[in-house]
1. Compute the separation of the alpha-carbon centres of the stretch 405-463 and the stretch 278-312 and state it in Å as a whole number.
2. On C-alpha positions alone, give me the angle between the axis of helix 13-24 and the longest principal axis of the chain, in degrees, nearest 10.
3. Rounded to the nearest Å, what's the spacing between the alpha carbon centres of the stretch 29-65 and the stretch 156-185? Just the number, please.
4. Give me the distance in nm between label points sitting 7 Å out from Cα along the Cα-to-Cβ direction at E147 and T74, one decimal.
5. Calculate one ³J(HN,Hα) per residue across the stretch 196-213 by plugging θ = phi - 60° into the Karplus curve 6.51 cos²θ - 1.76 cosθ + 1.60, and present them in order as whole Hz with x for glycine and proline.
6. Kindly provide log₁₀ I(q)/I(0) values, in the same order as q = 0.06 Å⁻¹, from the Debye equation applied to equal alpha-carbon scatterers of the chain.
7. Multiplying the sequence separation of Q171 and R215 by 0.36 nm and subtracting their Cα-Cα distance, what value in nm do you get?
8. Which residues' amide hydrogens lie under 5 Å from the amide hydrogen of A195, considering only partners 5 or more residues apart or on another chain, with H built in the peptide plane?
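Only the coordinates and a few stated rules stand behind these numbers; no lab work does. Please read these numbers as outputs of a predicted model, since none were measured by experiment. Note: ideal-geometry Cβ built from the backbone for every residue, glycine included; neighbour counts use all protein chains shown.
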Amino acid sequence: MEARDLVIIGGGPAGYVGAIRAAQLGGKVTLIEQDTLGGTCLNRGCIPTKALARGAEFLDLARKAKDYGVNLGTVEVDFTKMMTRKNIVVKTIVSGVRMLMEANSIEVLEGKARFLSPLEIETESTDGKKFRIKASKIVIATGCRWERPSVSGAEGIITTDQALTLKEIPQSLLVLGASDVGLTLATIFAKFGAAVTIAEKTTEILPGVDRELVRILERELKKNKINLHTETTLKSIKRGESANLSTKNGEVSLPAQYVLLAEGRKADVEGLGIEKTGVRLEAGRIMVNQKMETGVPGVFAAGDVTGGQLLAHVAMAEGKMAVENALGKDSEMDYHVVPLCIGTIPEIACIGLTEAEAAAKGYELKIGRFDFGANGLATVMGERTGLVKVISDAQYGQILGVHIIGPQASNLIPEAALAMKLEATPFEIGSTIHAHPTLSEAVMEAALNVDGETIHSLPTNKK
């Protein structure tokens, strides 16, 4: 049996980032990955989705070009070429991750890992060869997977994995779940010309997002002819043709060349032999504390397999935290400042409490808003839809939440994250000189608006 100091199972955001951090700390680390380095985010998630969103952005720009005096003629989508470009992007970044593994002297084993005991693993390579490893410390970072619903015709459902490898633009697409993933792909494929319907089980979409932003997104969905059905469940599928839905107004049948599953992810511990470790599971996810410890000495877990916030940047932070503690440090995760970025068209990015959440906690609120329609660069770009919303505590000036919908929202939210991390107030954001013309001025103006001092919007009566 071969011995290793630190073994990480899973080469996704938690795993590969954790491995690099371990190398920085002087640890000798082995990373086991059964598929491709980078995990879901890089290979079948945020990166390829962003690549397609970039295509949709170019499509929009081409359609708007005539407004800028540029006549491009007929605009068409070459979907095959678009998917080829997406694959090139993914392969380029995967190659970069491999280079990082080599540069940090990280041993990468390709194959499936299975526990024999808490600190003993059997690995099976792609060619069927097996060998055993004894590790001093182990980090489980196997991510999550989709769980298909039990309905007639469920074999006809595609996951995001298949959606990102389609050979054609769907004529009709039914998206199951108005999640961030579902809404993102719905808005992208609608831009490409697909007839898109979204079916959501609950009464509202994006429950963790501020309702003011959601209302704007819902208007944009309607504008782009995306049909949204809430309180709706899937009854059956006729593969490649149609789907039957149960809605609050009765059963409905609609065309659905493809049915996309965008809800129901669960921790991926299947075949891992987790029962041999004594690691505690709850609702199928691995339970950990703030140090990413499982309760079994020497065994840690990080990322989506722990069932927390299923975000790549959270997984990266947890992976770093897990290996730091595995290698003798005493660190704890801080989830107070975690941005949520949703790649819908338009983008959404938010951090902290929503207005409803803050009010429910008993805060007396002061709220600042600024529309992108009043931002100079947004007007130049022709992207005037959306706003920035800053929620603060009236008593102490603490920023409780910042919520953005509009152009490049995910690139604007880090300023809010840093401000909240440093416990800055809206005054400090608003009094900081922001470059002009930039979209970031919308964040500054929303912060100024908390005290009614916005410059580039019409004055309103203070309440």
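1. 37
2. Approximately 60 degrees, to the nearest ten.
3. 14
4. That separation, rounded to one decimal, is 4.8 nm.
5. Rounded to whole hertz, the list is 10, 10, 10, 10, 10, 5, 8, 7, 8, 9, 6, x, x, 9, 4, 4, 5, 5.
6. After summing over all Cα pairs, the log10 values are -0.30.
7. Values: separation 44, 0.36 × 44 = 15.84 nm, distance 2.70 nm.
So the chain would gain 13.1 nm between Q171 and R215.
8. Residues meeting the criterion, in which the H sits 1.01 Å from N, are S172, L173.
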